[in-house]
Amino acid sequence: MAQENQNQNKNQQQDENQLLAVRSAQKGSASDENQLLAVRREKLAALQEAGKDPFQITKFDVTHHSQDVKDDFDALEGKNVTIAGRMMFKRVMGKASFCNIQDLKGNIQCYVARDSIGEESYADFKKYDVGDILGISGEVFKTKTGEMSIHAASVTLLSKSLQILPEKFHGLTDTDMRYRQRYVDLIMNAEVKDTFVKRSKVLSSIRRYLDGQGFMEVETPMLVSNAGGAAARPFETHFNALDEDLKLRISLELYLKRLIVGGMERVYEIGRVFRNEGLDTRHNPEFTLMELYQAYTDYHGMMDLTENLYRYVAKEVTGSEILTYGEHQMDLSKPFERITMVDAVKKYSGVDFHEIHTLEEARAIAKEKHIAYEERHKKGDILNLFFEEFVEEHLIQPTFVMDHPIEISPLTKKKPENPEYVERFEFFMNGWEMANAYSELNDPIDQRARFAAQEELLAAGDAEANHTDEDFLNALSIGMPPTGGIGFGIDRMVMMMTNSPAIRDVLLFPTMKSLDK
């Protein structure tokens, strides 16, 4: 059988999928694959020698995609269309053959007959391989079995595939390889392509909603001298032209606030930020963040905006205000729950931080509840540790957790009636933080004091604390109106909208460890 396959392969008359299936069944060696790769290069050389080099073709006019033909079949039946895409299957039956062409929107069967495309073209077609990119023009029809198809009048080889796609029936299943070779993953796994189509829809839906609310999309620097606006360790680099050390931004906040100072009352940015931290199912060192700032509103205004935005995007992308993620269903149609951090901790741990007045009392209750803390942690930090330990996992339905301790919120307005806490909320679904929002601190004197406290934390070894940003302080001194601001993790939002288990599943090219190490 193996010898017969090799002979047929050399004669270029056996479909490559069949060869691969035989090889798989017989546990073929690497030399089998090398032989198949060599045959593909030989076919390319023969085409080039015959003046039919596919890589010399610069354009091909496409009239329809596969799904367009199927969706509009009644109007297109009997008419000519032109499609282009990757050949994923071929079955040669003497003077006529069938192939399957996959394009952006799906796939469609094509019937290729010698009498329709000509003897020379048909001889060429029989030598084409699975993976080759073809352009096909012909008449739309339905086969005897009822399958919508195209009867080819011409077939053009647009690009020769010199590599072998994964075996048809098993696909590309190795997770590491899927992430490293996303281009193959997109070819072999239709649901992966659907995820990234939906990701694009999420972004366009966000933009449509915010543009409709009078927001202006802007761009701010990625390379900065002072990476502030979040508690994270930055990546560092060196700019040779100015002989200066720079950092990759960890947030969009401080530059967007400068624009509010400049009179741009509603601004947003969707862009990459970079944090030098670990990898897990919800973290990648570079990820997409959306931040927006609106003058003359506060964190309550940001809650209203968040509810409306999430409902809008969910309906646009999934067609429903009910999101299913794993075993949970989250109902966005109802008003989102609003609860203070102190009340949430009391609800799920039984500890009421309104009754805890000193750092010593906070440390004592932390020891009692087996909450590990560091010497630098203050009462507010310990409250946050309680929240992370006892509360987060319970916040499945959309929930705003409000009024954080001042110690963990260096850029946020204090609550006038209780200055130990600030006007901040985090938005949770499925036990995940999905957004973070403030009534923005616009008092330059208070902000300088908060930066000073951050500098003390830096000196004490907290690598995620902020440096003082003198230019930002100068901007606040010019005068910033009362402002509400929020940051959304776009990747987690896409995970939720597509029921994807890991952040790498919604990043086209996630960060991977080098194969050389």
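Tabulated values for the structure
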{"quantity": "Fraction of accessible area attributable to carbon and sulfur, region 84-177 (%, probe 1.4 Å)", "calculated": "51"}
{"quantity": "J(HN,Hα) series, region 246-257, from Karplus relation 6.51 cos²θ - 1.76 cosθ + 1.60, nearest Hz, glycine and proline x", "calculated": "10, 10, 7, 4, 9, 7, 9, 5, 5, 6, 5, 5"}
{"quantity": "Carbon and sulfur %, accessible surface of region 219-355 computed with the full protein complex present, 1.4 Å", "calculated": "46"}
{"quantity": "Answer label, with P(r) over Cα pairs in 20 Å bins from 0, in percent calculated from the coordinates and candidates (1) 22, 55, 22, 1; (2) 20, 51, 27, 2; (3) 18, 41, 26, 14, 1", "calculated": "(3)"}
{"quantity": "Counted charge near residue 254, where neighbours are those whose Cβ lies closer than 11 Å (Asp, Glu -1; Lys, Arg +1)", "calculated": "-2"}
{"quantity": "Surface accessible to a 1.4 Å probe, per residue, for the residues of region 160-209, Å²", "calculated": "52"}
{"quantity": "Of all accessible heavy-atom area on region 361-517, the percent that carbon and sulfur account for (1.4 Å)", "calculated": "50"}
{"quantity": "Dipole moment magnitude, nearest 20 debye, region 266-415 about Cα centre, only Lys, Arg, Asp, Glu C-beta charged", "calculated": "340"}
{"quantity": "Residue pairs, from the table 347/379; 257/378; 70/201; 59/193, whose Cα atoms sit over 30 Å apart", "calculated": "none"}
{"quantity": "Whole-number accessible area per residue in Å² for region 371-509, which is evaluated in the context of all protein chains at 1.4 Å", "calculated": "38"}
{"quantity": "Filtered chymotrypsin sites (Phe, Trp or Tyr not before Pro), region 234-296: DSSP coil and at most 12 other beta carbons within 10 Å", "calculated": "296"}
{"quantity": "Residues residue 163 and residue 331, FRET efficiency given R0 of 35 Å [Cβ-Cβ distance, rounded to 0.05]", "calculated": "0.15"}
{"quantity": "Extreme residue, positive dipole direction of region 76-161, given options 150, 98, 116 (C-beta unit charges)", "calculated": "98"}
{"quantity": "Local electrostatic count, residue 456, Cβ distance below 12 Å [Lys/Arg +1, Asp/Glu -1]", "calculated": "0"}
{"quantity": "Rounded FRET efficiency, nearest 0.05, which uses the C-beta distance separating residue 474 from residue 358 and R0 of 35 Å", "calculated": "0.40"}
{"quantity": "Lysines whose Cα lies under 21 Å from that of residue 126, excluding same-chain neighbours fewer than 8 positions away", "calculated": "10, 43, 52, 90, 95, 160, 168"}
{"quantity": "Summed residue charge, Cβ within 12 Å of residue 443's Cβ, Lys/Arg positive, Asp/Glu negative", "calculated": "+2"}
{"quantity": "Size of charge dipole - region 119-252 - debye, nearest 20, with Cβ of Lys, Arg +1 and Asp, Glu -1, no other charges", "calculated": "500"}
{"quantity": "Probe 1.4 Å, accessible area per residue of region 237-318, Å²", "calculated": "43"}
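The values are calculated or read from the model by the stated rules, or taken from the named source; none is laboratory data. Since the model is a prediction, treat every value here as computed from it, not as a measurement. Cβ sites come from the backbone with ideal geometry, for glycine too, and all protein chains shown count toward neighbours. With ligands, DNA and RNA removed, areas are computed over all heavy atoms of the protein, side chains included. Shrake-Rupley method; radii C 1.70, N 1.55, O 1.52, S 1.80 Å.
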